[in-house]
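See below for the structure under consideration.
The values are calculated or read from the model by the stated rules, or taken from the named source; none is laboratory data. All figures in this text were calculated on a predicted structure; none of them were measured in a lab. Heavy atoms of the whole protein, side chains included, go into the accessibility calculation; ligands, DNA and RNA do not. Shrake-Rupley method; radii C 1.70, N 1.55, O 1.52, S 1.80 Å.
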Amino acid sequence: NVTFSKIDNSEYNLYESNQDFTIISYIFSRCPVPDMCPAIISKNQFLANSFKDDNVEFLIVSFDYIYDTPNKLSDIYGSIETNHSNIIFLSSTNHYNDLILLTKQSGVAFGGVEENNIGHTMRTIVLDKDKKLLKAYDGMDWKPSDFKKDLSNLINLN
C-alpha cells in the first residue's frame, strides 16, 4: 500500500480506492521530451474521457519528489483534473519510500532526481479492484486505441 499527495494537498492512499480498475502512469513535469511524459498525459486524457462513465481512475505519479510538489502539479495540471474527474495527479514529495515501493512493484526504474537530470523507463499499468497487476504497456509507442480496446474487454469481463 502506498500514499501520495494530491494536488489539493490531501492524501491519496492506493488501497482506499474502490475503483474497478486503476491505471498508473509516471511522469515528471519538466520532462523535455515531447513524446515521453507530455505524450503520456495526452494518452491518459484521451483514455479518461473514453472511460468517464466507468469505475476507472487514472493516476499520474510524478517521479520528481523534489520539484513536483502538490502546488506545482496543481499549477501545471490542475485544469486537466478539473476537466477529467477520473484523472488524479500525485506528488511523491515527502513520499519517497512509497515511490520506491510502487515503482519497483510496477517494474519501473528512475534516477537522477537529486542531480536534476531525471531519467526513467516508461510503463503504464492496469490494476484490478484488488490492486493486482492485469496488464502493462511498456515504452512510449503503445497506442491509446489498443489500450482502450483492452480495457473495454476487461470491463466487459467484470
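Exposure check, 1.4 Å probe, all protein chains in place: Ile125 carries approximately 10 Å² of accessible surface. Relative to its Kirkwood radius, the Cα radius of gyration of region 11-158 gives an Rg/Rh of 0.93. In this structure, the amide hydrogen of Tyr26, modeled 1.01 Å from its nitrogen in the peptide plane, lies closer than 5 angstrom to those of Val61, Arg123, counting only residues at least 5 positions away or on a different chain.
Taking Ser50, Ser25, Ser92 in turn, the Gaussian network model of the chain (Cα-Cα springs below 10 Å) assigns the largest fluctuation to Ser50. Comparing mean-square fluctuations of Asp75, Asp138, Asp98 from a GNM of the chain with C-alpha springs under 10 Å, the top value falls on Asp75. Expressed as an acute angle from 0 to 90° and rounded to the nearest 10, what is the orientation of the C-alpha long axis of helix 144-157 relative to the principal long axis of the chain? Approximately 50 degrees, to the nearest 10.
Relative to the longest principal axis of the Cα atoms of the chain, helix 96-106 runs at roughly 40 degrees. In the context of the full protein assembly, Met36 retains an accessible surface of approximately 40 Å², using a probe radius of 1.4 Å and ignoring ligands and nucleic acids.
Per-residue accessible area (protein heavy atoms, 1.4 Å probe) orders Arg30, Arg123 as Arg30, Arg123, starting from the largest.
The long axis of helix 70-83 is offset from the longest Cα principal axis of the chain by roughly 20 degrees. A 1.4 Å probe run over the protein chains yields, for region 1-114, 45 Å² of accessible area per residue, whole-number rounding. If the chain linking Phe46 and Ser17 were pulled fully straight, counting 0.36 nm for each residue of separation and taking away their Cα-Cα distance, it would gain 8.3 nm.
For region 1-65, pairs of C-alpha atoms spaced more than 13 angstrom apart make up 68 percent of the total.
The order of Lys143, Lys148 by accessible area, most exposed first and with a 1.4 Å probe, is Lys143, Lys148.
The residues Glu81, Glu114, sorted by heavy-atom accessible surface at 1.4 Å with ligands and nucleic acids left out, run Glu114, Glu81 from largest to smallest. For region 38-158, carbon and sulfur atoms together expose 45% of the accessible surface, with a 1.4 angstrom probe and every protein chain in place.
Only protein heavy atoms count here; on that basis, with a 1.4 Å probe, Asp8 has an accessible area of about 100 Å².
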